[in-house]
Amino acid sequence: MTERIPASLRTEALEQLLTERGLVDPAVMDTFIANYETNVGPLNGARVVARAWVDPEYRARLLADATPAIKEVAWGGGANGEHIVVVENTPEVHNVVVCTLCSCYPWPVLGLPPSWYKDPAYRARVVREPRTVLAEMGLELGEDVEIVVRDSSSEVRWLVLPERPAGTEGLSEEELTALVTRDAMVGVAKVSAP
Ligand code: FE
């Protein structure tokens, strides 16, 4: 039943109810959402990825214990991401992130999730047929590449460290940051050289 009512309407109804009962202040809610939409976004994650590409010691710290390593570089606030785990994509292994249950996502590094990430079709299909779903999203992976689907939850939020593209050896950390996309950090795309 609830599945037939769009999530946006259900959310509005819930917000209205909570507001009527005096449990939330809509102005505070709007500030909170605006913060994640404008101040916190994939740029935070991109800074983390670029630093990991240029600094092997940072990369090791990031892969060993991501949350404090991210706080060194770019941290967009504590909500929805106190425990982030970073996994590295390589020519042999490709990680892709989903939340099969709802839409858990590492807000402090990626901002708010895109609508396709919350889509029940993505959430169900990427687990069963990741290679097909990725191909549909424009990422063709060879049969020899192992795909690992990472299921985010309230306990663990996954962030993908994409492969550094060939031909970017001469780029600065800032120039590399500009190349890193949100989709690459979710694992539905690769980073391309400029
Ligand atoms: Fe979730």
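Below is a table of values for the structure above.
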| quantity | calculated |
| --- | --- |
| Flag for residue 180 being of a type outside the set (Gly, Ala, Ser), within 16 Å of the ligand (Cβ to nearest atom), at negative phi and in the same structural domain as residue 55 (by TED's automatic domain parsing) | no |
| Failed condition for residue 139, given (1) within 14 Å of the ligand (Cβ to nearest atom); (2) part of a loop (DSSP other than H, G, I, E, B); (3) crowded, with 17+ Cβ neighbours inside 10 Å | (1) |
| Some residue of segment 83-106 being closer than 23 Å to residue 50 by Cβ, touching a Phe, Trp or Tyr at 6+ places or on another chain (Cβ under 8 Å) and polar (S, T, N, Q) | yes |
| Unique residue being farther than 13 Å from residue 160 by Cα, within 16 Å of the ligand (Cβ to nearest atom) and surrounded by 18 or more Cβ atoms within 10 Å (Cβ to Cβ) when the list is 117, 105 | 117 |
| Residue tally, condition over 24 Å from the mean Cα position of the chain (by Cα) and either within 20 Å of residue 103 (Cα to Cα) or among the charged types (D, E, K, R) (or both), over segment 11-30 | 7 |
| Unique residue being polar (S, T, N, Q) and within 20 Å of residue 43 (Cα to Cα) when the list is 153, 172 | 172 |
| Meets criteria (more than 14 Å from the ligand (Cβ to nearest atom), in contact (Cβ under 8 Å) with a residue 24 or more places away in the chain and either farther than 15 Å from residue 188 by Cα or outside the structural domain of residue 62 (by TED's automatic domain parsing) (or both)) for residue 111 | yes |
| Members of segment 142-172 found to be away from the ligand (no atom under 16 Å from the Cβ) and not in a loop (DSSP other than H, G, I, E, B), listed by number | 146, 147, 148, 160, 161 |
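The values are calculated or read from the model by the stated rules, or taken from the named source; none is laboratory data. This structure is a prediction, so every number in the text was calculated from the model and none was measured. FYI the Cβ positions are ideal-geometry reconstructions off the backbone, even for glycines, and counts take in every protein chain you see.
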